[in-house]
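First comes the structure, then the notes that go with it.
The values are calculated or read from the model by the stated rules, or taken from the named source; none is laboratory data. All of these numbers come straight from a predicted model, not from anything done at the bench. Here the Cβ is made from the backbone with ideal geometry for all residues, glycine too, and neighbour counts use every protein chain on show. Ligands, DNA and RNA are stripped out before the accessible areas are found, and what is left, the full protein with its side chains, is counted by its heavy atoms. Shrake-Rupley method; radii C 1.70, N 1.55, O 1.52, S 1.80 Å.
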Amino acid sequence: MNSLFTDSAPVGVVSSFTELVETEFEGMVNALCWHRDLEGDFEELVAQLTLEEDITVLQPEDLLALTLTEQGQKARAIILQDMQLLTAHGASPTLNLLKKYERDEAFDFIATDVYSYHVDSSPIATDTFLCTYRGAASDLIATADAVRKSDIPEVRSQLLELHDGPLDTFDAFLKEHYFDLHYEAKPEAVPVQLGIGNLWRLAVQHPNQKVPACVHRAPVEQEGEYRLLLIC
């Protein structure tokens with residue numbers, strides 16, 4: 001495994017799916033990238049797929065039903081292979097055609113949607129896998145370049161006011177509403193763009209995790225452009 005350092009953000013770079021799933025996170029490396037330059041016309045797939053509401057979950061049969069050019073067939077084959085590899089690994093991949101995610105506008109002092117820097121959390125040992133085939137790509141920042149929003153004094157004071165309960169239940173309140181999972185980037189933070197076609201494995205917060213969970217966020221989509229995204 002090679003490492004790519006953008007300021008203080010260490011990202012492991014691997015050259016195969018096997019290496020992606022078998023390499024252990026260590027030190028401050030909490031994101032692994034299988035860097036790929038994919039062939040195929042993924043835009044052709046998107047043009048033929050039907051978006052229902054803001055997010056449509058696609059099944060393999062939805063792709064197989066498309067009549068495609070040779071380049072479109074190459075793109076379809078790559079996605080189907082990625083889904084098969086992840087499924088065989090024990091993951092549950094979901095292919096999304098996406099216009100936008102729902103925004104969290106409940107509070108003006110903190111957001112808990114995927115456009116906010118956040119970590120994924122699970123009660124069991126697992127990882128997040130992510131690949132953007134078309135459209136805007138996510139980004140991540142180093143843990144050292146992020147501060148938990150609930151630890152920012154002015155945000156914490158408003159959360160305490162919102163909680164309006166015993167102090168010994170405040171942490172449970174944060175977890176219940178996912179406030180503890182969201183972060184603010186420090187001014188010196190340099191985001192790492194995940195790019196198009198790369199398959200990523202991101203560290204998730206769970207009891208057996210040996211490294212800090214990966215701080216990442218979804219991109220703001222381009223007007224009129226759909227994302228084709230594999231995630232699990």
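So which trypsin sites (Lys or Arg not before Pro) in segment 183-226 end up in coil per DSSP with only 14 or fewer other C-beta atoms within 10 Å?
Lys210
Gln158 to Glu102: FRET efficiency via 1/(1 + (r/R0)^6), r the Cβ-Cβ distance, R0 22 Å, to the nearest 0.05?
The formula returns an efficiency of 0.50 here.
How much accessible area per residue does segment 88-232 have, in Å², with a 1.4 Å probe?
The answer is 50 Å² per residue.
Determine, from the Cβ-Cβ distance of Gln205 and Leu80 and an R0 of 45 Å, the FRET efficiency 1/(1 + (r/R0)^6), rounded to the nearest 0.05.
0.90
So, in nm, how far is label Glu225 from label Ser121 when the simple model puts each one 7 Å beyond its Cα toward the Cβ?
That separation, rounded to one decimal, is 3.3 nm.
Computing the accessible area with a 1.4 Å probe over protein heavy atoms, can you report the carbon and sulfur percentage for the chain?
Looking at the chain in its full context, I get 49 percent from C and S.
For the chain, calculate the relative contact order in percent as a whole number, restricting contacts to Cα pairs under 8 Å that are 6 or more residues apart.
In percent, rounded to a whole number, it is 31.
Could I have the simple spin-label model distance between Lys186 and Leu51, label points 7 Å from Cα toward Cβ, reported in nm to one decimal?
3.7 nm
How much length, in nm to one decimal, is gained on full extension between Phe170 and Leu38, taken as 0.36 nm per residue of separation minus their Cα-Cα distance?
Between Phe170 and Leu38, full extension yields 42.8 nm more.
Take the alpha-carbon centre of segment 153-232, take the same for segment 36-109, and report the distance between them in whole Å.
Segment 153-232 and segment 36-109 have Cα centres separated by 23 Å.
Angle, helix 70-89 long axis vs. longest principal axis of the chain, Cα atoms, 0 to 90°, nearest 10?
50 degrees
Among Ala144, Leu230, Met28, flag the residue with its Cα farthest along the positive direction of the charge dipole of the chain, charges on Cβ as +1 for Lys/Arg and -1 for Asp/Glu.
Checked the options; the winner is Met28.
Just check segment 69-127 against the gyration tensor rule for me: Cα atoms, a ≥ b ≥ c as the square roots of the eigenvalues, rounded for a/c under 1.5, and otherwise prolate or oblate depending on whether a/b exceeds b/c. Before the final figure, lay out each step's value.
Values: a/c = 4.54, a/b = 1.62, b/c = 2.80.
Oblate shape, in that a/c is at least 1.5 and b/c is the bigger or equal ratio.
So how many Lys-Lys pairs in the chain land under 28 Å Cα to Cα, not counting same-chain pairs under 8 apart?
Lysine pairs, 8 or more places apart or on different chains, close enough: 12.
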